[in-house]
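Participant: One structure coming up, written as C-alpha cells, with questions to follow.
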Amino acid sequence: MGSKQPVSVLVVIHTRDGQALLLERADKPGYWQSVTGSREGDEDLLDTARRELAEETGLDAERYVLSDWHKVNRYEIYEHWRHRYPEGVTHNDEHVFGLLLDEPCEVKLAPREHLGYRWLPWDEAAALVFSPSNAEALRALPQRLGLKAV
C-alpha cells in the first residue's frame, strides 16, 4: 500500500515566447509531461512546486518567476499508479503553477524519473503530453503570455 498524498502540483516550465519544457517518464517511456509531483507532509504547495522543480530539472525556482495559476484539476488516478496511494484513494487534486524562463536551457534530469527532455512550442507540447490537464495548461500559455494564438 502506497503513501503518496492525492494532492499534487503540475508546473509548466515555459519561456516568454511560449516554448515549453517536457520530460519523458522513465516508468512509462513515450509518456511526456511537465514537472509533476505529490505534496510531502504538510508542505505549502509553492514549496512542493519548488522541490519538484529542483528534483526533476535541477532548476532553482528562486532564480525565475514561479507563479500559482490558481487552477485545480481533480482527476481519477490512472489504475496503474493507484498502488502508490493509500487504500481506497481514486482521485487526485492537481494544483497548476508556471515557471517563466527567459529562454530554453539545459536541465539536469532525475535519472530514475525521466529518460529525456525537449523544448517545444506550446501547441506541439500540448499535442504530445499524455495528461489532459497538462495539455489544457499548455494550451492556456498564449493567453497567459499575451501571445497571439495561431
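Participant: For the chain, which whole-number percentage of the solvent-accessible area (1.4 Å probe, protein heavy atoms only) is attributable to carbon and sulfur atoms?
Facilitator: 48
Participant: Grab the DSSP H runs of the chain that are 4 residues or longer, score each as -39,500 (n - 2.57), total them, divide by all residues and round the 222 nm result to the nearest 500 deg cm²/dmol.
Facilitator: -6000 deg cm²/dmol
Participant: Grab every C-alpha pair in segment 7-145, bin the distances at 5 angstrom width from 0 up to the longest one, and report whole percents.
Facilitator: Binned Cα distances yield the sequence 2, 10, 21, 24, 24, 12, 5, 1, 0.
Participant: Right, something else. Plugging the Kirkwood radius over Cα pairs into Stokes-Einstein for segment 66-109, at a temperature of 37 °C and a viscosity of 0.692 mPa s, what D comes out in µm²/s?
Facilitator: It comes out at roughly 248 µm²/s.
Participant: Related question: In the chain, what percentage of the DSSP-assigned beta bridges are antiparallel, given to the nearest 5?
Facilitator: 70
Participant: For the residue pair Asp42 and Glu55, what label-to-label distance in nm results when each label sits 7 Å from Cα along the Cα-to-beta-carbon direction?
Facilitator: For the pair Asp42/Glu55, the computed spacing is 2.0 nm.
Participant: What is the pair-distance distribution P(r) of segment 1-84, computed from all Cα-Cα distances in 5 Å bins starting at 0, with each bin given as a whole percent?
Facilitator: Using 5 Å bins, I get a P(r) of 3, 12, 22, 26, 22, 11, 4, 1, 0 for segment 1-84.
Participant: List the GluC sites (Glu not before Pro) in segment 95-150 that DSSP assigns to loop (not H, G, I, E or B) and whose Cβ has at most 11 other Cβ atoms within 10 Å. Which are they?
Facilitator: Passing sites in segment 95-150 are Glu106.
Participant: If you don't mind, there's one more thing I want to ask. Sorted by average packing, counted as other Cβ atoms within 10 angstrom per residue and highest first, what order do 34-44, 85-95 take?
Facilitator: Those peptides, ordered most packed to least, come out 34-44, 85-95.
Participant: Can I ask one more? Straight-line reach from Lys148: which lysines fall under 27 Å, measuring Cα to Cα and dropping same-chain residues less than 8 apart?
Facilitator: Candidates past the 8-residue exclusion: Lys71.
Participant: How many nm separate the modelled label positions at Leu100 and Lys28, each set 7 Å beyond the Cα in the direction of the Cβ?
Facilitator: Using points 7 Å along Cα→Cβ, the separation is 3.1 nm.
Participant: Whenever you get a sec, line up Lys148, Lys71 from highest to lowest accessible area (probe 1.4 Å, protein heavy atoms).
Facilitator: Lys148, Lys71
The values are calculated or read from the model by the stated rules, or taken from the named source; none is laboratory data. Source: prediction; values computed, not measured. Glycine also receives a Cβ, built like all others from the backbone with ideal geometry; neighbour counts cover every protein chain displayed. Keep in mind that these areas ignore ligands, DNA and RNA; they rest on the heavy atoms of the full protein, side chains included. Shrake-Rupley method; radii C 1.70, N 1.55, O 1.52, S 1.80 Å.
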